[in-house]
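Step one of this worksheet: look at the structure below.
The values are calculated or read from the model by the stated rules, or taken from the named source; none is laboratory data. If you're wondering where the values come from, they're calculated on a predicted model, not measured in any experiment. Don't worry about glycine lacking a Cβ; one is built from the backbone with ideal geometry, like all the others, and counts go over all protein chains shown. The area values use the complete protein model at the heavy-atom level, side chains included, leaving out ligands, DNA and RNA. Shrake-Rupley method; radii C 1.70, N 1.55, O 1.52, S 1.80 Å.
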Amino acid sequence: MHKAVKLASKFVAYTSVAGAVGFGGFLFFTRKSRFVPFSLADDPIFASSHYKKLNPHQNDALHDLCVRRVPLSQIKPELLQDDSRGKLVEAFCSGVWSGFGYGIQRRYLERKYRGPETATQLWDARALATSTYPVGTQITDHFEVISHTPMSISVRCGDSPRNSGVRASDGVFEMSAVIDANEGVVEFGLKSVFFKGDGKSEGAMPAHIAFAHRLYTKLLMESAVGKVVK
């Protein structure tokens, strides 16, 4: 089982939202976030040099894309100014890592891995909320920024960034914010791509783990969107 997915699935049942209002309330809270298909053939992640290097055996990748559309009128105006290109996706990214959705996992990883060897990484909620996430930024000894554009930020996941080689458990997690001026909305996206880099693929993700992963992704989405709206 993919290490990143297995770890994330442990936290779904213990999040403050799901625990406080129950599963039905959780579904209502996350109802505006939805999963949509995307083509692997022309996806930038699959075409990137990072992906080709990390997946040398071209193993099949487990993948999904969660999107959430928010009216421009609800976005903080300072994130939409002409001179703030890229600030929106940075704020969205900081919301993923500093928000309540990632809080339990962040504290869990902190207890296990924070120390002298990881002192330069981002750990505290304040640091996660204020970072602009340049390439090379390491997050809670489990993520590292590998791409940063005005509309998307991608991190490598699946193992410690201190393990820079080909991994048995690997992945790319992309956060995006694309403005559609014609429709007057911002489409936020969380894209997950998981694969086995070292050796043969392990096969399909168990259904219950895939389900838990999607719940967790929707929670991260709502947590992050909360940081960019008025």
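Key figures
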{"read-out": "Residue within region 4-19 that is surrounded by 15 or more Cβ atoms within 10 Å (Cβ to Cβ), in contact with a strand residue (DSSP E or B) (Cβ under 7 Å, 6 or more places away or on another chain) and modelled with pLDDT under 90 present", "value": "yes"}
{"read-out": "Selection within region 26-63 - open to solvent by less than 30 Å² (accessible area, probe 1.4 Å) and either in contact with an Asp or Glu (Cβ under 6 Å, 6 or more places away or on another chain) or closer than 23 Å to K227 by Cα (or both)", "value": "F26, T30, S33, L54"}
{"read-out": "Meets criteria (open to solvent by 20 Å² or more (accessible area, probe 1.4 Å), modelled with pLDDT of 95 or more and within 28 Å of D198 (Cβ to Cβ)) for L72", "value": "no"}
{"read-out": "Some residue of region 80-88 being in contact with a strand residue (DSSP E or B) (Cβ under 8 Å, 6 or more places away or on another chain), at pLDDT below 90, open to solvent by less than 50 Å² (accessible area, probe 1.4 Å) and farther than 17 Å from T217 by Cβ", "value": "no"}
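Let's see how each residue does on (1) under 18 Å from the mean Cα position of the chain (by Cα); (2) of a type in the set (D, E):
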| site | (1), (2) |
| --- | --- |
| T30 | yes, no |
| D64 | yes, yes |
| L72 | no, no |
| G99 | yes, no |
| K112 | no, no |
